[in-house]
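**Q** Here it is, the structure in full.
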Amino acid sequence: MRGLLHVLIGGLLAWEVLATAHLPLLPEAFRWPLAIALGLFGIWAIWIAGRMWTRVAALVVFLALGAVWASIEPTLDKPWRPEVAVMPRVQIDGDIVRITGFRNFDYRSEDDFTVRHEEREYRLSKLQSVDFYLSYWHVGPVGHTFVSFNFENQPPVAISIETRPQVGEGFDPLASLFRHFELIYVVGDERDLVRVRTNHRKEEVFLYRTRLSAEAARNLFLVYSRRINQLAVKPEFYHLLSNSCTINIVRYANKIGRVGGWDIRLILNGWSDRYLYSTEVIDTSRPFDELREASNINAAAQAAGQAPDFSSRIRAGLPAPAAAP
């Protein structure tokens, strides 16, 4: 028990150091020096001096930092990067779906693009299916996942759950654990959300057709729509382990009747396609490695470029599972 107590204290001290190092209320130049100083003070107070008053002092410092950290609230008002500057909204009136803040950037390179947000209209009854994307900065156990909703006779609606960085910021997985990034659901055209990854960032991108029925796809779209509208009014923080891309996809799948428990591949989402294969959400008529190879769309996306039929061309020849019963 004594050993476990020391492990717990060590974990709390590590959290104190990392929380201080990513505390947005402090100037960036002071964060890590103060974090290291607090860490050294904690070690001295708890294990070296080991007196009651030094341990109480360390506890007071920890509680004070916790109170400051808990007081940090998400906001809609920051100098956002242009890719995430506009919060989308979805208005559903009977069968009519109107999306504002629909992103359709024209990219010339990763950092050179024409900003374009549009208003688009769809019919919910024309929503037929859902596709699943898995994109890697480096192929491994961690990646980025997002979905596309396929409508009859219209381009798909891609929705990507992401951080909302400010100008000059990039994604930092460690910082995302400490109330550093707000959350955004980017809604846009695949020639934007997919092509920027395959053609400009040179990420490895895999596209899987799912077995979800049209009814399930429509229910999932409604769940996404409610969350998109909520975030446009009441912001939230992105959190890598509890409020991120794959975690929320699974959360919304649960709302429409997903059956299944927790799986480590939902955290290590670079393996999420293997999870979908094991649950038969995607095609299982061939070995997984063969399916995965056939689902890589980089070559097709790079060949399609800015073609109006980009979405059709990246899907040509993709393995498709049998329809849901």
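The values are calculated or read from the model by the stated rules, or taken from the named source; none is laboratory data. This is a predicted model, so every value here is computed, not measured. With ideal geometry, Cβ positions are generated from the backbone for all residues, glycine too; neighbour counts draw on all protein chains shown. Side chains included, ligands, DNA and RNA excluded: accessible areas come from the protein's heavy atoms. Shrake-Rupley method; radii C 1.70, N 1.55, O 1.52, S 1.80 Å.
**Q** Restricting to segment 62-86, give me the number of residues that are surrounded by fewer than 16 Cβ atoms within 10 Å (Cβ to Cβ) and farther than 18 Å from K234 by Cβ.
**A** 8
**Q** Next up: Output the residue which, of all residues in segment 251-262 that are touching a helix residue (DSSP H, G or I) at 6+ places or on another chain (Cβ under 6 Å) and part of a helix (DSSP H, G or I), is most open to solvent (accessible area, probe 1.4 Å). Before you say what the answer is, go through the steps one by one.
**A** The initial filter retains those residues of segment 251-262 that are touching a helix residue (DSSP H, G or I) at 6+ places or on another chain (Cβ under 6 Å), namely 252, 255-256.
With part of a helix (DSSP H, G or I) added as a condition, the list becomes 252, 255.
On the way: Y252: 3, K255: 136 Å².
Among those residues, the one meeting the criterion is K255.
**Q** Consider D172 carefully, then state whether it is buried (at least 20 other Cβ atoms within 10 Å of the Cβ) and of a type in the set (D, E).
**A** Values: buried (at least 20 other Cβ atoms within 10 Å of the Cβ): no; of a type in the set (D, E): yes.
Here the answer is no, as D172 does not meet what is asked.
**Q** Could I ask something else about it? Scanning for something in contact with a helix residue (DSSP H, G or I) (Cβ under 9 Å, 6 or more places away or on another chain) and either part of a strand (DSSP E or B) or free of Cβ contacts under 8 Å to residues at least 24 places away in the same chain (or both), does segment 213-231 turn up at least one residue?
**A** No, there is no match, as no residue in segment 213-231 is in contact with a helix residue (DSSP H, G or I) (Cβ under 9 Å, 6 or more places away or on another chain) and either part of a strand (DSSP E or B) or free of Cβ contacts under 8 Å to residues at least 24 places away in the same chain (or both).
**Q** How many of the residues making up segment 148-169 are open to solvent by 10 Å² or more (accessible area, probe 1.4 Å), closer than 22 Å to Y122 by Cβ and aliphatic (A, V, I, L, M)?
**A** Within segment 148-169, residues that are open to solvent by 10 Å² or more (accessible area, probe 1.4 Å), closer than 22 Å to Y122 by Cβ and aliphatic (A, V, I, L, M) number 0.
**Q** Quick check on my filter: what residues within segment 168-200 are at pLDDT 95 or above, more than 16 Å from the chain's Cα centre (by Cα) and not in a helix (DSSP H, G or I)?
**A** Across segment 168-200, the qualifying residue is only D189.
**Q** Please work out which residue is surrounded by the fewest Cβ atoms within 10 Å (Cβ to Cβ), limiting yourself to segment 87-124 and to residues that are touching a residue at least 40 places away in the same chain (Cβ under 8 Å) and not in a strand (DSSP E or B).
**A** So the residue we want is S109.
**Q** Within segment 206-240, work out how many residues are surrounded by fewer than 18 Cβ atoms within 10 Å (Cβ to Cβ) and under 10 Å from the mean Cα position of the chain (by Cα).
**A** Count: 1.
**Q** Going through segment 36-55 one residue at a time, which ones are of a type in the set (D, E, K, R) and exposed (fewer than 12 other Cβ atoms within 10 Å of the Cβ)?
**A** Result: R51, single match.
**Q** Would you point out the residue of segment 15-30, among those that are free of Cβ contacts under 8 Å to residues at least 12 places away in the same chain and aliphatic (A, V, I, L, M), that is least open to solvent (accessible area, probe 1.4 Å)?
**A** Filtering segment 15-30 down to residues free of Cβ contacts under 8 Å to residues at least 12 places away in the same chain leaves 15, 26-30.
Applying the additional criterion that residues be aliphatic (A, V, I, L, M) yields 26, 29.
Details: L26: 45, A29: 82 Å².
Here the residue is L26.
**Q** Would you check if F149 is in contact with a Leu (Cβ under 7 Å, 6 or more places away or on another chain) and in a strand (DSSP E or B)?
**A** yes
**Q** If you go through segment 286-311 one residue at a time, how many are in contact with a helix residue (DSSP H, G or I) (Cβ under 9 Å, 6 or more places away or on another chain), open to solvent by 40 Å² or more (accessible area, probe 1.4 Å) and under 17 Å from A158 (Cα atoms)?
**A** Matching residues across segment 286-311 total 2.
**Q** A further question follows. Condition test on V142, is it β-branched (V, I, T), surrounded by fewer than 23 Cβ atoms within 10 Å (Cβ to Cβ), at pLDDT below 95 and closer than 30 Å to V259 by Cα?
**A** yes
**Q** Okay, moving on. Taking R265 as the residue in question, decide whether it is open to solvent by 50 Å² or more (accessible area, probe 1.4 Å), within 18 Å of the chain's Cα centre (by Cα), charged (D, E, K, R) and over 20 Å from D192 (Cα atoms).
**A** yes
**Q** Taking the conditions exactly as written (loosely packed, with under 12 Cβ neighbours inside 10 Å and part of a helix (DSSP H, G or I)), does A58 satisfy them or not?
**A** no
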